[in-house]
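Notes follow once the structure below has been shown.
Computed from the coordinates by the stated procedures, all read-outs in this text should not be read as laboratory data. Since the structure is predicted, the reported quantities are computational estimates derived from the model, not experimental observations. Glycine gets a Cβ as well: all are built from the backbone with ideal geometry, and neighbour counts include every protein chain shown.
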Amino acid sequence: MSSTRLEERRAQHQRYKEDVSSRGKSFYPWAMFHDTVMSFVVVVVIIALTCIWYFTAGENPEDVGLLGPLYTEKADPGTTSFVPRPDWYFYFLFYLLRIFKWPESVILGTVGIPTILLMLMIALPFLDLRRERRLVRRPVAVVASILVVISMGVLTYKGATAEESLGGSAELIDEWVATNKLPEDARPGAVLFSESGCQSCHVYLGAGSANLGAPELTAIGAEQGKSVDYFTRYVADPSEFGNDVMPKYRSLGDENLQAIARFLVASKGPDGGE
């Protein structure tokens, strides 16, 4: 069987050589030269557009220039209200993460499915050696292509229109304050806690999800030796305390870190730990 396929491949290659010699040009060097020239033209156009955009736009957002402003608003590393979004060509993967929840199946959505599809695409030229190119004679390939296009389109649309939450609602914050009898100066920290992604790994009064071994924080303030200064330094850089899993939040700024620390110190459990 393998020898027959090899002979077919050799015969096809010989016919290709005969066609090239009689009525065409070989891939090397003609097609390679054309591809190189077009690639160079594309790169030059991109560089030219970049230079036009950079040198015609001013420092202020009002100075639009020929291709738009340099930036509309300076980045604020301490923001807690920005919702990150991927580029449009990653919307399908973005929405897959909503289907395959962390931590049980997220590896399937982020690595498993894309890797399997990529391997199938790489292997396809080696598996399908037929010369037939008419669509009506290739129903399996046509149906598979249509299903892939529809799936990618639906996932991209769903990812583009998916609404993201900035954190806990005002009602949830009020519930935390009332249940744990938090002082009023702890409320800003509770808002920051809910908006900064802390509930991706921590649970507070049943809200959030426990991941990567992160502790439940409802009564974290009742533990001995946990002061505002301690939580400020811990949240800023957990690696100083031997925690290499939790991300560093130093970019929130000292004021926001201290607000979160006051919230955690005041969290002594339902009814204030009484």
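For the stretch 112-215, the list of GluC sites (Glu not before Pro) that fall in a loop by DSSP and count at most 11 other C-beta atoms within 10 angstrom reads Glu132, Glu163, Glu164. Split the chain at each of the trypsin sites (Lys or Arg not before Pro) in a DSSP loop with at most 13 other beta carbon atoms within 10 Å, and the longest piece is 135-247. Taking Cβ atoms as reference points and 11 Å as the exclusive limit, the residues near Gly206 contribute a net charge of -2, counting Lys and Arg as +1 and Asp and Glu as -1. Three semi-axes describe the equivalent ellipsoid of the chain; taken as square roots of 5 times the Cα gyration tensor eigenvalues and ordered largest first, they are 56, 28, 17 Å.
Summarising the label geometry, the points placed 7 Å from Cα in the beta-carbon direction at Ala123 and Thr72 lie 4.5 nm from one another.
Couplings 3J(HN,Hα) of the stretch 179-189, computed from phi: 5, 8, 6, 7, x, 5, 6, 8, 4, x, x Hz, in residue order, whole Hz [Karplus 6.51 cos²θ - 1.76 cosθ + 1.60, θ = phi - 60°; x for Gly and Pro].
Distant-in-sequence amide contacts of Lys226, defined by a placed amide H-H separation under 5 Å and a gap of 5 or more residues or a different chain, comprise nothing.
Using 0.36 nm per residue, how much length does the chain from Met152 to Asp174 gain when fully extended, once their Cα-Cα distance is taken away?
On the way: separation 22, 0.36 × 22 = 7.92 nm, distance 4.10 nm.
Full extension of this stretch gives 3.8 nm more.
With a Förster radius of 51 Å, plug the Cβ-Cβ distance of Glu255 and Ser39 into 1/(1 + (r/R0)^6) and report the FRET value to the nearest 0.05. Walk me through the numbers on the way to the answer.
Values: r = 50 Å, r/R0 = 0.99.
For R0 = 51 Å, the calculated efficiency reads 0.50.
Between Glu59 and Ser209, the simple label model (points 7 Å from Cα in the Cβ direction) yields a spacing of 4.5 nm. Annotation for the stretch 203-228 versus the stretch 178-202: alpha-carbon center distance of 11 Å. Amide H to amide H, with H built 1.01 Å from N, Ser209 comes under 5 Å of Cys201, His202, counting only residues 5 or more places away or on other chains.
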